[in-house]
Amino acid sequence: MKFAFFKGEIVPFEQATVSIMTHAFNYGTGCFEGIRGYWNEDQQQMYILKLKEHYQRLLSSAKALRIKINFSIPELINITKELVRKNGYQQDVYIRPLAYKSEAKIGLGLHNIADDFAIFLAPFGEYLDISKGIKVCLSKYRRIASHAMPLGAKLTGTYFNSSLAKAEALDRGFVEAITLSHKGNVAEGSGENIFMVKKGVLYTPPLSDDILPGITRLAVMELACRELELNAYEKSIKPSALFTADELFFTGTGAQISPITQVEKKKIGKGKVGPITKQLQAIYFRAVRGENPKYKKWLASVY
């Protein structure tokens, strides 16, 4: 990391620091986004995926925490592009905007507490094995219910839940975990949305099953419909249904499209990446790297 946006300006990364007394550090009163930037070597261009949509969601999350971000979406987009240019990476990057209660203050609450906004980025490759698939377990930890937190908000304080599920998976010899909703239906991976393929139809849990309204999730649903002429339905999924799926995969900024080839001790399909997942991966990566003109609207060019 070379530069960050901090306290209203771009500064050397090592200067972007906060006090250990910062409210967000002590109480989890912050929200964030994860945004991918894809480097296209042939075009010598960095494409940032769904930048406007990510900032729309960040503003919504910030509102839930009574955090004021003093920039418009066009301003946030321009700041992000400038920061990416300043860092100068010619490889895929992960961009992390943060809005947080920045005051050094002890005490619960959200009112009358100063807040701030920052962005940093780092080189970022494959978060999960998208070529061979991963083995996942069913977590004992339930996803935080939508009635216990602002629906659709991406809050720093709630991600301890995903961290617990991820740690459990690693402790048990798996790569990731699938959490259940408060109703007992399939919710998410530890931070990723999930899709099930059965008899050529895609299913993904509805928002009412305590899932984050994933931006990559919507992109994949659009690609499935437009490019593969597949129906994609929002439908509650019982844990037992996972074991009879033809294909399973995670979606997300980090996960991208990550095949799941085993749940607990049960192989999914033939225990290999399925044909629909492979097709979606190929279409998705052409789109996000600026190689399909139909999806240029998804992308913000940096150079």
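Please give the net charge around residue 84, taking every other residue with its beta carbon less than 13 angstrom from that of residue 84, where Lys and Arg add +1 and Asp and Glu add -1.
+4
Plugging the Kirkwood radius over Cα pairs into Stokes-Einstein for the stretch 3-123, at a temperature of 10 °C and a viscosity of 1.306 mPa s, what D comes out in µm²/s?
It diffuses with D of about 106 µm²/s by this estimate.
Over the chain, with a Gaussian network built from C-alpha contacts below 10 Å, which listed residue (136, 93, 18) shows the highest mean-square fluctuation?
Comparing 136, 93, 18 in a Gaussian network model of the chain, the most mobile one is 18.
Can you give the calculated 222 nm mean residue ellipticity of the chain, where each DSSP H run of n ≥ 4 adds -39,500 (n - 2.57) and the sum is split over every residue, rounded to the nearest 500 deg cm²/dmol?
Helix-only estimate at 222 nm: -8000 deg cm²/dmol.
Please state, rounded to one decimal and in Å, the Kirkwood hydrodynamic radius that the chain gives when every pair of distinct Cα atoms enters the mean of 1/r.
Every distinct Cα pair counted, the radius reaches 20.1 Å.
Where in the stretch 186-237 are there chymotrypsin sites (Phe, Trp or Tyr not before Pro) that are in a DSSP coil and have at most 15 other Cβ atoms within 10 angstrom of their Cβ?
Of the chymotrypsin sites (Phe, Trp or Tyr not before Pro), not one in the loops of the stretch 186-237 has a Cβ with at most 15 other Cβ atoms within 10 Å.
So for the stretch 134-288, averaging the separation of alpha carbon pairs under 8 Å that are six or more residues apart and normalising by length, what relative contact order in percent results?
23 percent.
What's the angle, to the nearest 10 degrees (0 to 90), between helix 73-87's Cα axis and the longest principal axis of the chain?
With both axes taken from Cα atoms, the answer is about 90 degrees.
Rounded to the nearest 0.05, what FRET efficiency do residue 183 and residue 68 have when you use their Cβ-Cβ distance and R0 = 41 Å?
Once the sixth-power term is evaluated, E becomes 0.75.
Give me the dipole magnitude in Debye, nearest 20, for the stretch 3-123 about the Cα centre, with unit charges on the beta carbon: positive for Lys and Arg, negative for Asp and Glu.
400
How about the stretch 1-80: which GluC sites (Glu not before Pro) there are in a DSSP loop, with at most 15 other Cβ atoms within 10 Å of their Cβ?
Of the GluC sites (Glu not before Pro), the ones in loops of the stretch 1-80 whose Cβ has at most 15 other Cβ atoms within 10 Å are 41.
Using the Kirkwood radius over C-alpha pairs as Rh, can you work out the diffusion coefficient of the stretch 242-303 via Stokes-Einstein at 4 °C, viscosity 1.567 mPa s, in µm² per second?
99
So if we plug the beta-carbon distance of residue 167 and residue 2 into 1/(1 + (r/R0)^6) with R0 = 25 Å, what FRET efficiency do we get, rounded to 0.05?
About 0.20, to the nearest 0.05.
What does the charge count around residue 22 come to, taking other residues whose C-beta lies under 10 Å from its C-beta (Lys +1, Arg +1, Asp -1, Glu -1)?
Cβ neighbours under 10 Å give a net charge of 0.
What percentages make up the Cα-Cα pair-distance distribution of the stretch 134-288 when the bins are 5 Å wide from 0?
2, 10, 20, 24, 22, 14, 7, 1, 0
Over the chain, what is the mean sequence separation of C-alpha contacts under 8 Å (at least six apart), divided by residue count, expressed as relative contact order in percent?
The normalised contact order for the chain reaches 20 percent.
Values quoted throughout were computed directly from the atomic coordinates according to the rules given, and no laboratory measurement underlies them. From a predicted model like this one, the values you see are computed outputs, not experimental measurements. Cβ coordinates were reconstructed from backbone atoms using ideal geometry, including for glycine residues, and neighbour counts include every protein chain displayed.
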